[in-house]
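Enquirer: One structure is given below, represented as C-alpha cells, and several questions about it will come after.
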Amino acid sequence: MPSDWKAFKRDWKNGKYLECTPLLERPKNTSRKIPIKFLDRLVEFSNLLDKHNATAFLMGGTLLGWARECSLIPHTKDTDFGMFSEEHSESLLREILSSKIFEIYWVLGRLKNSFELSVIVDEIKIDLFYVYKTTNSTENASISGMRYWSKQRVQWNYPKLSGEFCAVEMHGRLLHVLCDYYKIVESKSLYTNQKWIGLLENRIR
C-alpha cells in the first residue's frame with residue numbers, strides 16, 4: 001500500500017500518458033532563449049503546486065512548443081502554466097510568495113475572476129494563469145488577465161474543456177497538459193500559423 005493513499009490516487013488519476021509526435025524537427029544545435037535544462041525548474045515549480053493538491057498544466061507558448069515540436073519554442077523568452085482556480089489555497093500562495101527559489105515578479109488581478117502571478121528563477125519568467133470555469137453555454141473556461149500598463153482587465157474564453165489532466169514528457173521531464181489540450185490550441189488562432197492547427201487536427205484524428 002502507498003504511504004500516502006490520497007497522493008497516489010491523485011497521481012494515478014492524472015497519470016494517463018500522452019505521447020508527443022513532433023510536427024516540426026529542429027537541429028540539435030538550435031540557438032535557444034531558454035535552455036532545455038530550465039525544464040527542471042518547471043518540474044520543480046509544478047511539484048510545488050502538487051504539494052498543495054494543485055496541478056500545473058502547460059499553457060500558452062509552452063503548450064504550443066510541446067504540441068508542435070515536443071520542446072520549448074527557441075525564440076520564446078518565458079514559460080506558461082495554467083491552474084484551475086478552484087485548486088487555489090492560501091497555503092499554496094504563501095509558499096510561492098515566501099519561496100527562496102522562485103522570486104515574485106508580479107501578482108495581478110483578483111482571486112475571484114482574474115488572478116495571475118509570475119515568478120523569476122535563473123533570470124527566466126514563469127507565468128501562472130488561473131483558469132476559471134464558467135456557466136456560459138458555449139464556453140466553460142476562461143483566463144482573465146490584465147494589461148498592467150493600463151490596469152485594464154481582459155479575458156480569453158475557451159471551448160468546453162474536460163478538466164482532465166494527462167502526463168507528458170519533454171526532454172525526459174514529466175509535466176502535465178489538459179487531455180483535450182488541442183481545444184486550447186485550436187481556439188487560439190493567434191498561435192502563429194493556421195498550418196499548425198491543421199496538422200494538430202490530423203494527428204488527433
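The values are calculated or read from the model by the stated rules, or taken from the named source; none is laboratory data. Note that the structure is a prediction, hence the values are computed from the model and not measured. Cβ placement follows ideal geometry from the backbone for every residue including glycine, while neighbour counts extend to all protein chains displayed.
Enquirer: Please state which of the following conditions residue 120 fails to meet, knowing it meets all the rest: (1) surrounded by fewer than 16 Cβ atoms within 10 Å (Cβ to Cβ); (2) under 22 Å from residue 165 (Cα atoms); (3) under 17 Å from the mean Cα position of the chain (by Cα).
Expert: (2)
Enquirer: In the stretch 181-197, is there at least one residue being closer than 27 Å to residue 41 by Cα, at pLDDT 85 or above and in contact with a Cys (Cβ under 7 Å, 6 or more places away or on another chain)?
Expert: No, every residue in the stretch 181-197 fails to be closer than 27 Å to residue 41 by Cα, at pLDDT 85 or above and in contact with a Cys (Cβ under 7 Å, 6 or more places away or on another chain).
Enquirer: Let me ask something else about it. Specify the residue that is surrounded by the fewest Cβ atoms within 10 Å (Cβ to Cβ); the eligible residues are those in the stretch 159-172 that are farther than 17 Å from residue 64 by Cβ and not aromatic (Phe, Trp, Tyr).
Expert: Quick first cut of the stretch 159-172, residues farther than 17 Å from residue 64 by Cβ only: 160, 162-165, 167, 172.
Retained after the next criterion (residues that are not aromatic (Phe, Trp, Tyr)): 160, 162-164, 167, 172.
Values: 160: 14, 162: 12, 163: 14, 164: 11, 167: 15, 172: 8.
Across the stretch 159-172, the extreme among qualifying residues is 172.
Enquirer: Take residue 98 and decide whether it is at pLDDT 95 or above, among the small types (Gly, Ala, Ser) and in contact with a Lys or Arg (Cβ under 7 Å, 6 or more places away or on another chain).
Expert: Numbers: at pLDDT 95 or above: yes; among the small types (Gly, Ala, Ser): yes; in contact with a Lys or Arg (Cβ under 7 Å, 6 or more places away or on another chain): no.
No.
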